[in-house]
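One structure is given here, and the rest of the page talks about it.
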Amino acid sequence: MIRSILDTDLYKFTTSYAYFKLYPQAIGTFTFNDRAKTVFDDDFLEDLKAELKALERISLSEDEFRYMNENCKYIPQNYFEWLLGFRFDASKINVWLDEDKHLQINVTDYMYKVTLYEIPILATVSELFHLRNSYDAEAMIARLEQKEQIARDNGLIFSDFGTRRRFSYDVQRMVVKHLKNNPCGCSGTSNCHLAMELDMKMIGTYPHELPMFIAAVNGGPRNANYLTMEDWVKVYDGYLGTALTDSFGSEVFFNNFSKKHACLFDGVRQDSGDPFAFIDMAINRYKELGIDPRTKSIVFSDSLNFEKAVEIKKACEGRIKCMFGIGTNLTCDTGHASCNIVMKLSSCQINSRKPKELCVKLSDVEGKEMGDPDEVRVYRYLLRNHSQKSE
């Protein structure tokens, strides 16, 4: 089901290289979470194990090496030379059904390697889940054409962010190819393989895992966003300048958002919570720092459809630039419910001699936090206590 090592999101490679350069001895574990608590059977489990074993057969081809080396100037050639020799190792992927028949997966390796497992695993689970469902390609394209018209009529700028919870590879390719052939404001795709095949721009920002990792190995969440942006600038020197805000709540992020980073980064990404409140929060922070918010941008990527994107764009007009990353509404709009699955960094250590630290994601939505419950409470206490002291 995974056709290429590039059949993943760009941010997996950019984040992998950041670990490769700054934290080469760091080790981490990614853990799967099915928010829908789907009940699976043993046949599904065996099919999944076979597909995950098949990951071992894929590798970076010479053509893919040349493409990435030529189109990712911000990542040096030596990383892609290493990637030529990288192979997934199915023995590192632990997958089982618990007593309630809920799917459990975790994978552990060096951080620059283990981060590459996330998207292929999620995309495989999603496609296997949908094998029991059929879809009407003509009806799906008809709905897609309506979305494209909404985008044209309203001047939306958006990208495909739909790899991890797609109906299938073939559906994602069909959708992205249609977007390419029917200009409608689609600026690219997060999927590197489709970007290469269809001659489109690769789109990506850094993920939640990076500030989660930084918080875990650097004493907690209070300054983790600041330290993450510092690391990102060290590695990418102004490229890939969109900062993710909601790893520990956007209010915490904007408290860490310095003049330096507000100037260096092109904008921020909103991935949970109220997008309209977020617009005001971002604009107010830019103004506090003496920066004209109209020179900056927000990338919205939280469970979007095109109608919602239009409303958000109206709220941004004349105030701040906006773009949209749209996922399952593009790649899983088949008339069937999409999977509600994620895979997040659950623990890490800076090297094998240091203790293992638990990782936490808080989000801007109550109930979407991830991590050990006691550790989540510690993070909330530290941030609440820190906020009170700041006041």
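A count restricted to region 281-311 and to residues that are more than 16 Å from Ala151 (Cβ to Cβ) and in a strand (DSSP E or B) stands at 2.
Suppose the filter is hydrophobic (A, V, I, L, M, F, W, C), open to solvent by less than 20 Å² (accessible area, probe 1.4 Å) and out of contact with any Gly (no Cβ under 9 Å at 6 or more places or on another chain); does Phe32 pass it? Answer is yes for this residue. Only a single item in (1) at pLDDT 95 or above; (2) surrounded by fewer than 20 Cβ atoms within 10 Å (Cβ to Cβ) is not met by Asn133, and it is number (1). Between Ala243, Ala262, the distinction of being touching a Phe, Trp or Tyr at 6+ places or on another chain (Cβ under 6 Å), modelled with pLDDT of 95 or more and not basic (Lys, Arg) belongs to Ala243 only. Scanning region 228-255 for residues that are crowded, with 18+ Cβ neighbours inside 10 Å, of a type in the set (A, V, I, L, M) and assigned to a helix (DSSP H, G or I) yields Met229, Val235, Val252.
Taking Met370, is it under 23 Å from the mean Cα position of the chain (by Cα), touching a residue at least 40 places away in the same chain (Cβ under 8 Å), over 27 Å from Met111 (Cα atoms) and surrounded by 16 or more Cβ atoms within 10 Å (Cβ to Cβ)? The answer is no for Met370.
Return the only residue of Ser390, Ser352 being at pLDDT 95 or above, among the small types (Gly, Ala, Ser) and either surrounded by fewer than 14 Cβ atoms within 10 Å (Cβ to Cβ) or within 24 Å of the chain's Cα centre (by Cα) (or both). Only one candidate qualifies: Ser352.
Residues satisfying the criterion are absent from region 110-117 (criterion: farther than 30 Å from Ile350 by Cβ and touching a helix residue (DSSP H, G or I) at 6+ places or on another chain (Cβ under 7 Å)). Number of residues in region 355-367 that are touching a Gly at 6+ places or on another chain (Cβ under 9 Å) and either part of a loop (DSSP other than H, G, I, E, B) or without any contact (Cβ under 8 Å) to a residue 40 or more places away in the chain (or both): the value is 6. Criterion applied to Thr115, Thr163, Thr108, Thr124 was being open to solvent by 10 Å² or more (accessible area, probe 1.4 Å) and among the hydroxyl-bearing types (Ser, Thr, Tyr), and the one residue passing it is Thr108. Inspect all residues belonging to region 319-328 and state whether any of them is in a helix (DSSP H, G or I), over 17 Å from Ser250 (Cβ atoms) and touching a residue at least 40 places away in the same chain (Cβ under 8 Å). Within region 319-328, one or more residues are in a helix (DSSP H, G or I), over 17 Å from Ser250 (Cβ atoms) and touching a residue at least 40 places away in the same chain (Cβ under 8 Å).
Table: residues versus (1) touching a residue at least 60 places away in the same chain (Cβ under 8 Å); (2) within 25 Å of Arg384 (Cβ to Cβ).
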| site | (1), (2) |
| --- | --- |
| Ala224 | no, yes |
| Leu227 | no, yes |
| Val233 | no, no |
| Gly241 | no, no |
| Ser247 | yes, yes |
| Arg285 | no, yes |
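Remark: pairs (first residue in region 109-138, in contact (Cβ under 8 Å) with a residue 60 or more places away in the chain and among the hydrophobic types (A, V, I, L, M, F, W, C); second residue open to solvent by less than 10 Å² (accessible area, probe 1.4 Å) and part of a loop (DSSP other than H, G, I, E, B); Cβ separation under 6 Å; 6+ apart in sequence or on different chains) = Met111/Ala26; Ile119/Thr8; Ile119/Thr163; Ala123/Thr163.
Residue count for region 330-346 satisfying the condition of being surrounded by 20 or more Cβ atoms within 10 Å (Cβ to Cβ) and out of contact with any helix residue (DSSP H, G or I) (no Cβ under 7 Å at 6 or more places or on another chain): 2.
Scanning region 167-200 for residues that are of a type in the set (A, V, I, L, M, F, W, C), assigned to a loop (DSSP other than H, G, I, E, B), under 21 Å from the mean Cα position of the chain (by Cα) and surrounded by fewer than 22 Cβ atoms within 10 Å (Cβ to Cβ) gives a single hit, Met200.
The values are calculated or read from the model by the stated rules, or taken from the named source; none is laboratory data. Computed from a predicted model, the values in this text were never measured in an experiment. As a convention, Cβ positions derive from the backbone with ideal geometry for all residues, glycine included, and neighbour counts pool all protein chains shown. Side chains are part of the model used for accessible areas, which takes the heavy atoms of the whole protein and leaves out ligands, DNA and RNA. Shrake-Rupley method; radii C 1.70, N 1.55, O 1.52, S 1.80 Å.
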